Structure formats: structure tokens, C-alpha cells
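Student: There's a structure below that I have some questions on.
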Amino acid sequence: MPKRTWLRSGFVWAGLILVLLIGWFAYSDRNPDLPTADFNSTVIADIKAGKVDHLVTTEGSSTVEVHYKDSARPTTQSRLPPNTNVVEVLTGAGLEANAVPVEVKAASHVGAILSALVFILPSLLIVGLLIFMMRQSQGSNSQAMSFGKSKARLFSSNRPTVTFSDVAGVDEAKEELAEVVEFLKYPDKFASLGARIPRGVLLVGPPGTGKTLLSRAVAGEAGVPFFSISGSEFVEMFVGVGASRVRDLFEQAKRNAPCIIFIDEIDAVGRQRGAGLGGSHDEREQTLNQILVEMDGFDSSTNVIVIAATNRPDVLDPALLRPGRFDRQVILDRPDIQGRRQILGVHMRGKPIEENVSVENLARQTSGFSGADLENLVNEAAILAARRNKKTVGRNEITEAIDRVIAGPQRKSRVISERERLMTAYHEAGHALVARMLPHADPVRKVSIVARGMAGGYTRTVPDEDRIFKTKAQFEDDIAVFMAGQVAEQMVFEEISTGASNDIERATAIARRMVTEFGMSELGPLAYGKKDELVFLGRDINEQRNYSDPVAFQIDGEVHKIIDRAHERATTVIREHFDRLDAIAQLLIREETIDDDQLEALFDVPRPKPELVGPPYGRPSARAQEVASARQQAPAPPAAQERAEPWPKDRPDGDPPAGRGLWPQPAG
Ligand SMILES: Nc1ncnc2c1ncn2[C@@H]1O[C@H](COP(=O)(O)OP(=O)(O)OP(=O)(O)O)[C@@H](O)[C@H]1O
Ligand SMILES: [Mg+2]
């Protein structure tokens, strides 16, 4: 509020200037050019001696000018004692009141006004202060009056800050939204075919995948008014405000139709009704009801399209999601490799990136990153380059930035004893070795024993390709890789450390899900346990048991079996390749961080390829048989052989198809 501070400092200055003026005038009736003399002694004596011609005084002032008869003697001035006048002083000194002529000048107007001001000013100040305070309280009062007004911000597309070209890798979503804009611009085109214009589009996706960004791009490109509001802005302390804000928002929108309303984080108001602790939440439900009514009221002719974004579509009220309200749901998922390449392209645009940085390679290394992560990555790299006083961003900065984003900044200053360093090196070497030797584990990209964040060291594995599903074999190999750190510690030091606690936790979680969710154990394809999502926390903090105690016992047994088997396999691999474990650990101690090429250089056998499973009842193609025979001649790595389990005997046709697992991967 610049205006108000200006006002306030204006008051202060005015007050200061006034005080100075008063002070100046109070002393200004004394003529500084004249010499001064003491009235009681000198002046009275002079009068008695008849030397004084006349006195001049000003009404209401205590200063007296003394003019002498002797024109050679200069006029002096003197001050009367307080609370007296000339006559009193003269008579008090035993003189006649008219012993000397006294000329009385009329008081100057300024003096009178000033002395009046001295009294008026404080009262003026008090009154001003009162008015100021009243205005203030009125301000909040008028805010209370506009409570029910929506706080939506109106964007016009005159100067778009974000356009569709800033959003990469989500082409389908862009198409959908571009179509929505089309609806608004040319409604007749669709109406002539009897098509109803969609009412709402719901953008759904994990955090940081570009929902808000995309809608901002729509605002930039739409060419129609765009109202933006966040779900939480409807909710206020007072009941009924949310609903009235919704009404106001839609009224505004209808006045500006055709237009777009964007509600970000709609789950703040759109949660399922009648749920939550204590039954329901009146205010939120009223707001939601109002949204439902506005979106699908009697009036269906207006061209207002609602775009909403959320990352919790599961908690939204079903009535909100039905056709007629949010007809379309646009899913924004974490980008695939191509998407990542494009997003990196967008964010590297205009940054001085060195030639040797391969976007391709970077995209491959950042599997699972969201758009926001990628943006952060590029930014971190630029910051690092600036910190190193470089003019360009090189590969080193990018690599370091990836590690920072994943595991946190390096903690070089942490003091680590030689023994702990050695233990960490073998621990990580164990992970790396087993990940390298098991066919279904993700390839190792980087191994490091530099402490980062909470971790003492880390082994980063990234899949070759993005995948949507995971198979049982992949899970089993993953768990074996998790186990490998502790196995290596045990084998080398005959001692285990707490360093594996996170590995164990994650391995156990995977194993339990394999049994209870994915049907990947002998208990069969049953879902055990019903997850109750707690509405307010949004997390499954309590799992409802829908199975008996004996089954719980069995589940624990199965989980145990999976872990034991993985432990066993990790042990076998490490025992067989113990020399490689040593080699990796030694290299780690020397280099601290090694990448995939350095790791690969330590091995002379190629990395085992995952076995690919073909269609079960078909005959393998000629090409597959070719590959199969080639594979049979080449010695398979022991772990791969071990994994080639027999085809299940109780198949309906009984006959295991030849060449299991040797199908070429289907194109696309
Ligand atoms: N597809 C993309 N293309 C380019 N940049 C992206 C993309 N997705 C995300 N980003 C970057 O990530 C940032 C955050 O994205 P955004 O705010 O849109 O996430 P969101 O999906 O709304 O997340 P939330 O659900 O947490 O609100 C954007 O400002 C942008 O820099
Ligand atoms: Mg957002």
C-alpha cells in the first residue's frame, strides 16, 4: 500500500515542519542585531538617570527595546521578568508609570495565529487520528462486504507470458485443450452438427507434470477472457462465502462469455460429500453444490468452459466427474523419454549449454522425472556453473545436478573413518555387482561413496526404457539388488551395519506388495487387505484386514520366502564374482564415483540380457528360434541360467512351447 505509507510519512513531515515554525517564530520577536541588557539593573538605573528617551514593546511580548537620548549610544533590548509588564516593573522599582514614554506596538498577526495554533493543533491531530482509525476499520468493513465476491483473476490474451510452445511432451493434452479453445471460438461449427460443447475439462496428473503451466498456456492462446482461481480461494472462515463466491465467479464469467474459468487444485473444494471426520463439512459441501449447480444448471446455452486441475481425482465427488460437468479428463503423466527430451529442450532454450551435453543421454538418465524435476535439474546445473564462475553449463554441472536432484547435495565435509569408507565401498559394490549380473535388474548408471543427503553412498540404476508394467522377475531381481549391499558387508567384514536399513525397508515393501496386491506368490491372485484412504491425510494410513489370522501368517511366510530367495541369489552372485566385487570396491575407494563405462570396463562378459517372454500358446517364429539356438551356444551367465525356471507343468495344453523367453521384442 504505497499510498497509505506516503500519507503517513506526509503527516509526520507536516508535524515536524510546524513544530520548527512555531519554535522559530517564538524566538523571532527578539531582534538579534541589537545588544541586550538586563532590565532590572541596567535599564532601571538608566531610566532613573534620565538617559532613556523611550521604550518600545510589543503587545503580548516580554521584549523591550530601550532607546537612549544620547543618539551616540546604541539602542539595546531587554527582557522583562516573566509574567510582568513594563508598568508593573517600573512601579515596582519605585518609578512613576509615566517616568518614561512607552510605545506599545500592536502584536503581529503571525504571532497571534501561531499561539492559537499551539492550542488548535493538538486537537486537530487527535481528530485526524480518529478519522484515520475510522477509515481503517471501515476498510476492513468494506472487505467484509465484498467477502462473497470471487477473487478470480482475469487474464486477457493480449500479452501471453506462456504459450503452447513452452509446454513440451504432452501433445495429446495440448490437442484436447486446443480443441476446447476451438469450441469457444467457433461454436456454430459444432452446433450445426448437433454437438454439445463440453462443459468442463479436468486435468489430472502427478505433481509437477505441467497442469498449471498448460492452463496458463491456454490463457495465453485462447483469445477469450480467462478467469483463474484456486480451489482454496473459495473457502473462508464463514459459512456460505464459498458458495457465494462461486455464484459471483460464474456471473462474471457469463457476462464475459465466451470465456474460460480455470480452477486450480479443485480437490480443495471438490472432495466427496459426506466424507471425512465428523461426517461432513458444511462449508465445503455448499461450495461444491454450488459448483455442481452452476456447471449444469438450467441454462445450457452459455459458452463458458471450466478447466480444472487436480492430482487427486480419486477423492473428487462422483457428481463432479460425470459427463455434463467435467466431460473430459485429460491425463498428464510423467513424461516418457521423448517427452523428457522435449521438456529439456524447452528449458535449455536460451541457456549457454556446452556442445558436449547430450540431451538424448540426459533424457535417458532421468527416467521418472516430472517436468518440474527437469526444470529444476537444468536450473541447478546453471546455478552450479555460476558458482564455479563459468560462462557456460557443461556436462559436469549437469551430472552433478542430477545427483543433487535425486539424492541431495554432496556432504564432502562429513568426516568418515577409513573403515566406514571401506564398508560403504563394499556395500555399494555389492549393489552394483548384483545389478550388473542379474538380467532383469535395471542397468547401473552410477555408483558413488560420496555422502549425499542422508545416504552414505548410492548406486543409481536407471532402466533402459520407460516401462509401464513390472514383471515378477524384475521385482525379484530388484529385491536381490537391495539385499546385495548387506550380503557384501557380511561376506567381506563378517559383520553387518545399519547402512542397509533403507534397502531392507524398500525390499520388504516390494515383497509385501507382490504377495498382497500383485498376486505374485503361492497364495495366488488375490488382493489381501483393503486400503482405506483417510480423506484428510490422503494416505493409506490404515489398512483394513479382510483376511483371517492364518492367512496373515501365510502372507508373512510368503514375504519371508521372497526375501530369503533374493538374499540367496545375491549371495550366489557375489560369491561367484567375488573378484569383481573387490575390483569395484577398490575402484570406488580410489575414484569415489564411477559411471557405467568405468564399471563395464571391469567385466569381460557381456551383461546378461533379460529373457523376453513370447505369446504363450503360439509357435515361436523362425527368427526367435534362430536367436534361441544362438543363445544356447553362447554360455549364459549363471544368474540367467538360474532364472530359466521350467515352464509351469499344469498348463492346459501341458506342452511347454519351445524357446520360452526367446521372443524378439515386439516392435513399438
Ligand atoms: N510439459 C512440460 N513442459 C515444460 N515445462 C514443464 C512441463 N511440465 C512441468 N514443467 C515445469 O514444471 C513447472 C511446474 O509445473 P506445474 O506448475 O504446471 O505443475 P502442476 O502439474 O500444476 O503441479 P501441481 O499438481 O503440484 O500443481 C512448470 O513451471 C514448468 O517449468
Ligand atoms: Mg498446479
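Student: If you take the residues in the stretch 480-517 that are free of Cβ contacts under 8 Å to residues at least 24 places away in the same chain and not in a helix (DSSP H, G or I), which one is surrounded by the most Cβ atoms within 10 Å (Cβ to Cβ)?
Tutor: My answer is I496.
Student: Would you pick out the residues in the stretch 331-377 that are more than 21 Å from the chain's Cα centre (by Cα) and either charged (D, E, K, R) or within 10 Å of ligand 1 (Cβ to nearest atom) (or both)?
Tutor: Within the stretch 331-377, D336, G339, R341, Q342, G345, R349, K351, E354, E355, E360, R364 qualify.
Student: Return the pair list, or none, for Cβ contacts closer than 6 Å from residues in the stretch 72-100 that are loosely packed, with under 13 Cβ neighbours inside 10 Å to residues that are not aliphatic (A, V, I, L, M), at least 6 apart or on different chains.
Tutor: Filtered contacts from the stretch 72-100: A97/T91.
Student: If we scan the stretch 384-397, do we find a residue that is part of a helix (DSSP H, G or I), of a type in the set (D, E, K, R) and within 22 Å of the chain's Cα centre (by Cα)?
Tutor: There is no residue in the stretch 384-397 that is part of a helix (DSSP H, G or I), of a type in the set (D, E, K, R) and within 22 Å of the chain's Cα centre (by Cα).
Student: Taking I468 and the conditions (1) surrounded by fewer than 19 Cβ atoms within 10 Å (Cβ to Cβ); (2) in a helix (DSSP H, G or I); (3) aliphatic (A, V, I, L, M), which numbered condition does it fall short on, given that it satisfies the others?
Tutor: (2)
Student: Would you check if V118 is at pLDDT 80 or above, more than 60 Å from the chain's Cα centre (by Cα), over 30 Å from K211 (Cβ atoms) and not in a loop (DSSP other than H, G, I, E, B)?
Tutor: The answer is no for V118.
Student: Still on this model: Determine, yes or no, whether F262 is among the aromatic types (F, W, Y), modelled with pLDDT of 80 or more, in contact with a helix residue (DSSP H, G or I) (Cβ under 9 Å, 6 or more places away or on another chain) and within 16 Å of ligand 1 (Cβ to nearest atom).
Tutor: On the way: among the aromatic types (F, W, Y): yes; modelled with pLDDT of 80 or more: yes; in contact with a helix residue (DSSP H, G or I) (Cβ under 9 Å, 6 or more places away or on another chain): yes; within 16 Å of ligand 1 (Cβ to nearest atom): yes.
Yes; evaluated as a whole, the condition is true for this residue.
Student: Could you please tell me which pairs satisfy a Cβ distance under 6 Å, a separation of 6+ or placement on different chains, a first residue in the stretch 360-388 that is closer than 21 Å to R460 by Cα, and a second residue that is aliphatic (A, V, I, L, M) and outside any helix (DSSP H, G or I)?
Tutor: So the pair list comes out as Q365/V462; S367/V462; A381/V393.
Student: Then there's this: May I ask you to verify whether L184 is within 14 Å of ligand 1 (Cβ to nearest atom) and either within 23 Å of L154 (Cβ to Cβ) or crowded, with 20+ Cβ neighbours inside 10 Å (or both)?
Tutor: no
Student: A further question on this structure: Just the residues that are in a helix (DSSP H, G or I), within 15 Å of ligand 2 (Cβ to nearest atom) and under 11 Å from V306 (Cβ atoms), please, taken from the stretch 227-258. Outline the logic, then answer.
Tutor: Step one: list which residues in the stretch 227-258 are in a helix (DSSP H, G or I), which gives 231-234, 241-255.
Still in the running and within 15 Å of ligand 2 (Cβ to nearest atom): 231-233.
Answer for the stretch 227-258, where residues must be in a helix (DSSP H, G or I), within 15 Å of ligand 2 (Cβ to nearest atom) and under 11 Å from V306 (Cβ atoms): there is none.
Student: Something else about it: Looking for whichever is surrounded by 14 or more Cβ atoms within 10 Å (Cβ to Cβ) and over 23 Å from T571 (Cα atoms) here; the options are R436, R452. Which one fits?
Tutor: From the options R436, R452, the qualifying one is R452.
Student: Which residue out of V405, V415 is surrounded by 17 or more Cβ atoms within 10 Å (Cβ to Cβ) and of a type in the set (V, I, T)?
Tutor: Checking each option against the conditions leaves just V405.
Student: Suppose we filter G200, G148 for residues that are modelled with pLDDT under 75 and not β-branched (V, I, T); which single one remains? Can you show your working first?
Tutor: Working: G200 fails: modelled with pLDDT under 75.
The conditions single out G148.
Student: Residues that are surrounded by fewer than 18 Cβ atoms within 10 Å (Cβ to Cβ): list the strands (runs of 3 or more DSSP E) wholly contained in the stretch 259-378 that include at least 1 such residues.
Tutor: Those strands (runs of 3 or more DSSP E) span 328-331.
Student: May I ask you to verify whether T424 is touching a residue at least 12 places away in the same chain (Cβ under 8 Å), polar (S, T, N, Q) and under 16 Å from G368 (Cα atoms)?
Tutor: The answer is no for T424.
Student: Now for a different question. Out of the residues in the stretch 194-214 meeting the condition of being among the small types (G, A, S) and closer than 22 Å to A152 by Cα, tell me which one is farthest from ligand 2 (Cβ to nearest atom).
Tutor: The selected residue is G200.
Student: I'd like to check something: does the stretch 164-172 contain any residue that is under 25 Å from the mean Cα position of the chain (by Cα), away from ligand 2 (no atom under 16 Å from the Cβ) and in a strand (DSSP E or B)?
Tutor: no
Student: Another question, then. With outside the structural domain of S370 (by TED's automatic domain parsing), at pLDDT 85 or above and farther than 13 Å from A308 by Cα as the only criterion, which of K211, K174 stands out?
Tutor: Just a single option satisfies the conditions, and that option is K174.
Student: Only one of A217, A222, A191 is more than 12 Å from ligand 2 (Cβ to nearest atom) and touching an Asp or Glu at 6+ places or on another chain (Cβ under 7 Å); which?
Tutor: Only one candidate qualifies: A217.
Student: Right, next: For the stretch 587-610, which positions are farther than 20 Å from R460 by Cβ and either out of contact with any Pro (no Cβ under 8 Å at 6 or more places or on another chain) or assigned by TED's automatic domain parsing to the domain that holds E476 (or both)?
Tutor: Hits for the stretch 587-610 are D604, P606.
Student: Kindly indicate the residue of the stretch 294-311 that is within 16 Å of ligand 1 (Cβ to nearest atom) and either hydrophobic (A, V, I, L, M, F, W, C) or modelled with pLDDT under 80 (or both) and also farthest from I266 (Cα to Cα) among those meeting that condition.
Tutor: Looking at residues that are within 16 Å of ligand 1 (Cβ to nearest atom) and either hydrophobic (A, V, I, L, M, F, W, C) or modelled with pLDDT under 80 (or both), I get I307.
The values are calculated or read from the model by the stated rules, or taken from the named source; none is laboratory data. None of the values given here were measured: they were computed from a predicted structure. Counting neighbours? That spans all protein chains shown, and the Cβs are built from the backbone with ideal geometry, glycine included.
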